[in-house]
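Okay, structure first, notes after.
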Amino acid sequence: MSFRFCVAVILSLSVTSCQKDQVYTPVNKPTPYKIEIPPFFPTMLNLPADNPMTVEGVELGRYLFYDGRLSGRTDPDSLMSCFTCHLQSRSFECGIDHPKFQGGHPFGLTSVLTPHYMLPMINLAWTNHGFLWNGKVSADNPSPSMRNLEDMAWMAVVARHEINGDTARVVALFQSINGYPGLFKKAFGSDRVTMKNIGRAIAQFIRTLISANSKFDRFMQGREQLTSSERSGYVLFMTEQGGDCFHCHGSEGNPLFTTNLFYNNGKDSLFEDPADRYSVTGNLNDVGSYKAPTLRNIAYTAPYMHDGRFKTIDEVLGFYNANLVWSPTISPLMHHITTHGIRLTPLQLADLKSFLMTLTDSSFVTNPAFSKPVRFPDEN
């Protein structure tokens with residue numbers, strides 16, 4: 001009797017365990033998506049624990065990134081998505097030649113201009129020091145809904161200078177669109193559309209936008225050689241007595257070509273922009289400071305600076321060469337401020353520009369995995 005009793009107990013526990021497994025195991029478990037870290041890239045990624053990368057999440061995020069109904073509307077004149085401003089051909093920023101936004105300064109459905117020009121969406125999976133020119137979206141933000149890429153979706157939806165919509169309306173619309181609830185279920189285990197999961201999916205897609213196939217990358221991997229002009233430009237880039245670029249845009253061994261930190265780089269003597277780094281930190285030393293953007297694909301990302309004041313790379317180089325302006329909060333890394341610039345010769349400037357051109361990754365702006373889907377879920 002004792003033996004039979006033990007067997008009965010074991011069988012009972014086994015059945016209970018199986019029942020528990022059946023209750024808690026998802027029917028359709030998402031497929032993990034592994035970001036392949038390119039050679040020489042940092043290994044620390046910005047991957048929140050509550051939004052693991054999955055194949056299904058990335059697929060859904062790509063649809064949402066390009067779907068104009070992210071505005072919560074279906075009228076052709078009222079459609080707006082991330083893609084409206086973030087063009088793949090311009091490294092996912094607006095670009096100076098945008099067909100709608102003259103000079104590369106985007107505006108929303110209300111025609112209100114964005115506070116700043118755009119930053120490219122390149123290698124944002126490695127951004128751990130805040131997003132936007134002033135780093136407002138950051139882990140340090142006291143608001144729990146303004147801390148990471150996931151939060152950028154709802155911010156874009158409600159901002160007057162962007163979609164100027166309503167998140168509840170957006171959620172209701174996508175819940176009603178044939179095909180989307182099923183995609184949400186595959187990605188997040190529930191067919192109920194939420195703004196939180198919209199943000200999660202878009203963030204997953206954006207984290208796949210990796211650029212690591214420029215001529216310079218191939219040079220570092222020993223697969224291609226730089227010209228003498230490009231090599232000279234590289235030396236200038238990496239030396240204080242040359243171009244002195246590396247302090248803000250990444251030292252040797254940093255292939256991101258940005259520190260992702262914030263600097264007053266000597267554009268003005270007085271500052272009236274209410275959205276500089278100081279507006280976020282309240283630190284007077286941050287007056288006039290902005291994020292150092294990546295220099296990858298700089299050939300595609302004109303106009304330059306937070307206010308788009310420079311239209312060409314030559315104008316940018318001319319500024320750093322002879323037109324720096326001192327102010328009380330100038331970054332201490334601007335070592336050539338006393339001479340108003342780095343004072344390179346025309347030949348040296350040409351070499352420096354040649355090096356910057358080696359950072360062009362044409363495969364990034366043509367990668368079909370990043371492009372607009374041929375069909376959306378309700379069109380399949």
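Observations on the model:
- When each of Asp351, Asp361, Asp378, Asp314 is tested for being outside any loop (DSSP other than H, G, I, E, B), closer than 29 Å to Arg277 by Cβ and not small (Gly, Ala, Ser), the lone residue that passes is Asp314.
- Residue in the range 30-58 that is surrounded by the fewest Cβ atoms within 10 Å (Cβ to Cβ), counting only those that are part of a loop (DSSP other than H, G, I, E, B) and among the β-branched types (Val, Ile, Thr): Thr43
- Test: Glu93 is in the same structural domain as Ile177 (by TED's automatic domain parsing), surrounded by 21 or more Cβ atoms within 10 Å (Cβ to Cβ) and of a type in the set (D, E, K, R): yes
- Selection status of Gly104, within 24 Å of Gly165 (Cα to Cα) and touching a Lys or Arg at 6+ places or on another chain (Cβ under 7 Å): no
- Hits in the range 143-161 (condition: touching a residue at least 40 places away in the same chain (Cβ under 8 Å) and either assigned to a loop (DSSP other than H, G, I, E, B) or closer than 24 Å to Ser371 by Cβ (or both)): Asn148, Leu149, Glu150, Met152, Ala153, Ala156, Val157, Ala159, Arg160, His161
- Scanning the range 107-144 for residues that are crowded, with 17+ Cβ neighbours inside 10 Å, in contact with a Lys or Arg (Cβ under 8 Å, 6 or more places away or on another chain) and farther than 21 Å from Asn264 by Cα turns up Gly108, Ile122, Asn123, Leu124, Ala125.
- Restricting attention to the range 96-142, the residues that are within 15 Å of the chain's Cα centre (by Cα), closer than 18 Å to Ser371 by Cα and either outside the structural domain of Met155 (by TED's automatic domain parsing) or in a loop (DSSP other than H, G, I, E, B) (or both) add up to 4.
- Of all residues in the range 145-176 being under 30 Å from Thr114 (Cα atoms) and more than 23 Å from the chain's Cα centre (by Cα), the one that is surrounded by the most Cβ atoms within 10 Å (Cβ to Cβ): Phe174
The values are calculated or read from the model by the stated rules, or taken from the named source; none is laboratory data. This structure is a prediction, so every number in the text was calculated from the model and none was measured. Positions of Cβ are backbone-derived with ideal geometry, glycine not excepted, and every protein chain shown enters the neighbour counts.
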